[in-house]
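Trainee: One structure follows; several queries about it will come next.
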Amino acid sequence: MSNIHKSYEDRWGHKEDFVVQYRFYTHEEGGRKNIPHQGIRSDFWYECDNHEMKGIFMIYPEFEDANGKMIESGPVEREGVAKMWILSEELRPYHQERIKIGTIGYFMEGSRRIAICEVVKIAGLLINPIKFK
């Protein structure tokens, strides 16, 4: 029996920071052998060469189905929409400066890019609280 994912909005008490359109790479493109399940804690990286910081960022995706409903369990779609949640309160100002409509990024597993994504909506990025409940 698979676990039911509890929404990040319920867990953390605020809306997502932004929304992306994503596509998981195939195994032949260097991606995963299997599509991940809801609740994957992949990290995030920007497509740019002007980072002031090294490393990847804890920004977690929460995947929706084709009807805009959160996928509660099981594998997610190879392509679709995901709400994104910034976890590091100290880095919120850094991300607020970089995340814009059209920003390209990647879901990461270690140093490997497993999906490409594009920011399609800004939600609570500029107004969400620094501290989670």
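The values are calculated or read from the model by the stated rules, or taken from the named source; none is laboratory data. Predicted, not measured: the structure shown is a model, and the values here were computed from it. Positions of Cβ are backbone-derived with ideal geometry, glycine not excepted, and every protein chain shown enters the neighbour counts. Remember, those area values only see protein heavy atoms, side chains included, never the ligands or the DNA or RNA. Shrake-Rupley method; radii C 1.70, N 1.55, O 1.52, S 1.80 Å.
Trainee: For region 11-84, count all C-alpha to C-alpha pairs, find those more than 16 Å apart, and express that count as a whole percent of the total.
Mentor: 55
Trainee: Per residue, how much accessible surface does the chain expose to a 1.4 Å probe? Answer in Å², no decimals.
Mentor: For the chain, the per-residue accessible area is 56 Å².
Trainee: Roughly speaking, to the nearest percent, how much of the chain's 1.4 Å accessible area is carbon and sulfur?
Mentor: 49
Trainee: Sequence-distant or interchain residues sharing an amide H contact under 5 Å with ILE114, placed H: which?
Mentor: Hits under the 5 Å cutoff: PHE107, MET108, GLU109.
Trainee: Next up: Could you tell me the calculated FRET efficiency between GLU29 and GLU77, based on Cβ-Cβ distance and R0 = 25 angstrom, to the nearest 0.05?
Mentor: 0.95
Trainee: Can you tell which of PHE24, CYS48, GLY13 lies farthest toward the positive end of the dipole of the chain, using +1 and -1 charges on the Cβ of basic and acidic side chains (Lys, Arg; Asp, Glu)?
Mentor: GLY13
Trainee: Using the Cα centre as the reference, give the magnitude of the dipole from point charges on the C-beta atoms of the chain (Lys, Arg: +1; Asp, Glu: -1; all else neutral), rounded to the nearest 20 debye.
Mentor: Taking the Cα centre of the chain as origin, the dipole is about 240 debye.
Trainee: Next question, about the same structure. Assuming 0.36 nm per residue, please report the length gained on full extension of the stretch ASN67 to LEU91 beyond their Cα-Cα distance.
Mentor: 5.5 nm
Trainee: Provide Rg and Dmax in Å for the chain, with only Cα atoms included in the calculation.
Mentor: Rg, Dmax (Cα atoms, Å): 14.2, 44.
Trainee: Going down the list LYS33/LYS121; LYS6/LYS100; LYS83/LYS121, which pairs span over 21 Å between their C-alpha atoms?
Mentor: From the list (LYS33/LYS121; LYS6/LYS100; LYS83/LYS121), the Cα-Cα distance tops 21 Å for LYS33/LYS121; LYS6/LYS100.
Trainee: Among the aspartates and glutamates, which fall within straight-line cross-link reach of LYS15, defined as a Cα-Cα distance under 20 Å, with same-chain neighbours fewer than 8 residues apart omitted?
Mentor: ASP43, GLU62, GLU64, ASP65, GLU72, GLU89, GLU90, GLU97, GLU118
Trainee: Counting only helical runs of four or more DSSP H residues, what would the 222 nm mean residue ellipticity of the chain come to if each run contributes -39,500 (n - 2.57) and the total is spread over all its residues?
Mentor: Calculated from helices alone, the mean residue ellipticity at 222 nm is -2000 deg cm²/dmol.
Trainee: Semi-axes of the equivalent ellipsoid for region 91-133, please: Cα gyration tensor eigenvalues, times 5, square-rooted, ordered largest first, whole Å.
Mentor: Sorted largest first and rounded, they come to 21, 14, 9 Å.
Trainee: Could you compute the FRET efficiency for LYS6 and ILE127, with r as their C-beta to C-beta distance and R0 at 22 Å, rounded to 0.05?
Mentor: Efficiency, rounded to the nearest 0.05: 0.45.
Trainee: When only Cα pairs under 8 Å and 6 or more residues apart are kept, what is the percent relative contact order across region 1-112?
Mentor: 34
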